[in-house]
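*Asks:* Attaching a single structure in structure tokens format; questions to follow.
The values are calculated or read from the model by the stated rules, or taken from the named source; none is laboratory data. Just so you know, these numbers come straight off a predicted model, no measurement behind them. Virtual Cβ from ideal backbone geometry, glycine too; neighbours counted across all protein chains shown.
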Amino acid sequence: MHYRPEQQALQISMHIFLDDLELALRERGHDKLYLCTKKEAAGANELVEAYLRDEFQLTLNGELRDFNFVGKEISDDLAAVWCYLEITDLPRLESLELRYSILMDTYDDQKNLASLERPGEEVGTLLFQKGNAVKKATF
């Protein structure tokens, strides 16, 4: 996650292995999506976006904020998908609460990392795992 004060935006890049994401979506009743291929199912973007909205939630400066799903693309090694999210109209970032439970229903031992970069500060990293999928930070 990169906070861009000049754009008043929090930009988020999320790297998820394709087979894991497809399995998580299959467990929710969505089979044969063929994500990031020429055979990608109609409506796949909407299903990915809905999954991310269920499992990745941000409260910024005490307010639950909705993100814009910018899109997705296959990683260079073809094994993962990059998902791009953005929260706009954010003139300052003073506090953050993040629920990051992606793939935790699919894998009991799933661990997620979130790195936050703000201008002039070191990158901070938060670790999320089942039973501990919500973290808070203040700046």
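*Asks:* Kindly indicate whether any position in region 63-85 is in contact with a Gly (Cβ under 7 Å, 6 or more places away or on another chain) and not small (G, A, S).
*Replies:* yes
*Asks:* What do you reckon, is L33 surrounded by 12 or more Cβ atoms within 10 Å (Cβ to Cβ) and touching a residue at least 40 places away in the same chain (Cβ under 8 Å)?
*Replies:* no
*Asks:* Could you grab me the full set of residues in region 36-60 that are farther than 19 Å from R99 by Cβ and touching a strand residue (DSSP E or B) at 6+ places or on another chain (Cβ under 6 Å)?
*Replies:* The one that is farther than 19 Å from R99 by Cβ and touching a strand residue (DSSP E or B) at 6+ places or on another chain (Cβ under 6 Å): C36.
*Asks:* Let me confirm something: among A44, A50, A9, A24, which residue is surrounded by 15 or more Cβ atoms within 10 Å (Cβ to Cβ) and either at pLDDT below 95 or over 30 Å from N132 (Cβ atoms) (or both)? Show your work before the answer.
*Replies:* Values: A50 fails: either at pLDDT below 95 or over 30 Å from N132 (Cβ atoms) (or both); A9 fails: either at pLDDT below 95 or over 30 Å from N132 (Cβ atoms) (or both); A24 fails: either at pLDDT below 95 or over 30 Å from N132 (Cβ atoms) (or both).
Just a single option satisfies the conditions, and that option is A44.
*Asks:* Which one is nearest to L10 (Cα to Cα) among residues in region 55-69 that are exposed (fewer than 15 other Cβ atoms within 10 Å of the Cβ) and out of contact with any Lys or Arg (no Cβ under 9 Å at 6 or more places or on another chain)?
*Replies:* Going through the qualifying residues, I end up with N68.
*Asks:* Of everything in region 15-43, what is over 16 Å from the mean Cα position of the chain (by Cα) and either of a type in the set (A, V, I, L, M) or closer than 16 Å to W82 by Cβ (or both)? Give them in sequence order.
*Replies:* Of everything in region 15-43, those that are over 16 Å from the mean Cα position of the chain (by Cα) and either of a type in the set (A, V, I, L, M) or closer than 16 Å to W82 by Cβ (or both) turn out to be D19, L23, L33, L35, C36, T37, E40, A41, A42.
*Asks:* Can you say whether E73 is without any contact (Cβ under 8 Å) to a residue 40 or more places away in the chain and touching a strand residue (DSSP E or B) at 6+ places or on another chain (Cβ under 8 Å), as far as the supplied structure shows? Write out each step before concluding.
*Replies:* On the way: without any contact (Cβ under 8 Å) to a residue 40 or more places away in the chain: yes; touching a strand residue (DSSP E or B) at 6+ places or on another chain (Cβ under 8 Å): yes.
So E73 passes the test.
*Asks:* Which of the residues that make up region 71-91 are loosely packed, with under 13 Cβ neighbours inside 10 Å and of a type in the set (A, V, I, L, M)?
*Replies:* Once the filter is applied, which keeps residues that are loosely packed, with under 13 Cβ neighbours inside 10 Å and of a type in the set (A, V, I, L, M), region 71-91 yields L78, A79.
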